[in-house]
1. From the P(r) of region 174-217, can you give the percent of Cα pairs sitting at distances over 13 Å?
2. Counting other Cβ atoms within 10 Å, keep those with at most 11, restrict to DSSP loop, and tell me which GluC sites (Glu not before Pro) in region 23-125 are left.
3. As a check on your grasp of the helix formula, calculate [θ] at 222 nm for the chain: sum -39500 (n - 2.57) over DSSP H runs of n ≥ 4, divide by the residue count, round to the nearest 500.
4. What is the percent carbon and sulfur in the accessible area of region 110-183, measuring with a 1.4 Å probe over the protein chains and ignoring ligands?
5. I need the phi-derived Karplus couplings for region 345-352: 6.51 cos²θ - 1.76 cosθ + 1.60, θ = phi - 60°, integer Hz, Gly and Pro marked x.
6. Considering only DSSP states other than H, G, I, E and B, which GluC sites (Glu not before Pro) in region 117-203 qualify as loop sites with at most 16 other Cβ atoms within 10 Å?
7. What's the center-to-center distance, using Cα atoms, between region 116-173 and region 248-297 in Å?
8. Which value, in nm² and rounded to one decimal, describes the direction-averaged projected area of the C-alpha convex hull of region 34-118?
Amino acid sequence: MGMNEVSKTLGNAFNFSVSEDIQNLIPYKPGKPISETLREYKLEKVIKLASNENPLGPSLRVEAALHKAIPWIHQYPDPQCYDLKNQIHQSWDVPLDQMTFGNGSDELIDLLIRTFCDRGDQIITSNLAFISYELSAQASHVGVIRVPMTAELTFDLPKMAEEILKNPSIKLAFIANPNNPTGTFVSINSIQVFLETVKSRENLICVFDEAYVEFLRASEAQSVLSLLQKYPQVCVLRTFSKTYGLAGLRMGALFSSQPQIINYVNKVRKAFNVNMLAQVAAVAALQDTEYIRRSQELVWGALDYFYGALQEMGLPYWESQANFVLFDCKRDSGSVYMELLKKGVILRPLANYGCPTYLRMSVGLPSENILAIEALKEVLI
Ligand SMILES: *Cc1c(COP(=O)(O)O)cnc(C)c1O
């Protein structure tokens, strides 16, 4: 991790140094924005099924709560998120001193690494896990161990436990359950076996990222929140970006049964990291259980529709516990992606994960899902 001298000539020669980790950082590439695609391809309508957002739009209760909060935005937000804590305590039964919040769960991933890893430490995750863990680690000069996924594209928990037991520099394990971009899950039983195996290991925090937990359908799938009090090393991440329809406002939650863990993260985070409107919106979103139910119904119906269409096209896919499906288009997904763009459909290729033939398709509104499948058929046949 030596510091490389980088020099740039900007009129006057000016020398500055940037570490190799930062030089080699490949920034997260978000799904292509609709406005950009409209412009570039001179299209009238574009369907974006690339970022796992909630296609229903915001809950009406959230909109009303936001309107009521606007006269107060000249004031700083509540750094303790008092109202949100109480609402979560009510909704999810987590004690008030066992949670803190971030500007999206993405910020909490970053905070966990900065709080609990020192230079020379490592995190462990999988080669096909959510890419944010790796990016945050690299930016903090923390090493990454990527245990390959199983043949079914699930986290290989026994292999991860083995690595953890023999490598004391691993401080954090990141397990997305269900995982993005695969949509696969690990059962609550296998998680319990994993935790029993690693619980003797000191100085290890196991982070379960439950961004899509509301979409779980498989009977063996369950939130790890039920194990929070039993295993002190467990942390749980949740986001309001997916099911709750608040991606644009940025709100994520971190849970740990250890108030010291929460306190240390609070020391590192900025006091005003989550804004007032996000706090207000998250409270209203939690209260709108009808909106959540509609989101679930939409997603489950759409996934079944996608499975049928993919089967018909002879394309392998991975059954999903989230609001998207990963499939193999059996040819270069970059060019399929480009052909779909011309037809006004944005999907997500997985070349940056080292999977050159895979595409990820998020659930949209039923009419959008039909148009996306039609476009896919035209491009592939
Ligand atoms: C989308 C996503 C997040 C990030 O959510 P934000 O709260 O919007 O930062 C975290 N983890 C996984 C697995 C995700 O897919």
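1. Details: 541 of 946 pairs.
Roughly 57 percent, once rounded to a whole number.
2. Values: sites: GLU36, GLU40, GLU44, GLU53, GLU63, GLU107; in loops: GLU44, GLU53.
Answer by residue number: GLU44.
3. -11500 deg cm²/dmol
4. Details: 1230 of 2530 Å².
Summing carbon and sulfur atoms, their accessible area is 49 percent of the total for region 110-183.
5. Going residue by residue, I get 10, 9, 10, 10, x, 10, 4, 5 Hz, with x marking Gly and Pro.
6. Working: sites: GLU134, GLU152, GLU162, GLU163, GLU196, GLU202; in loops: GLU152, GLU202.
Here the GluC sites (Glu not before Pro) that fit, given the DSSP loop and packing criteria, are GLU152, GLU202.
7. A separation of 25 Å, based on Cα centres.
8. Numbers: hull surface 39.5 nm².
Hull-based average projected area comes out at 9.9 nm².
The values are calculated or read from the model by the stated rules, or taken from the named source; none is laboratory data. These figures come from a predicted structure and were not determined experimentally. Every residue, glycine as well, gets a Cβ built from its backbone with ideal geometry; the counts of neighbours run over all protein chains shown. The accessibility values were calculated without ligands, DNA or RNA, using every heavy atom of the protein model including side chains. Shrake-Rupley method; radii C 1.70, N 1.55, O 1.52, S 1.80 Å.
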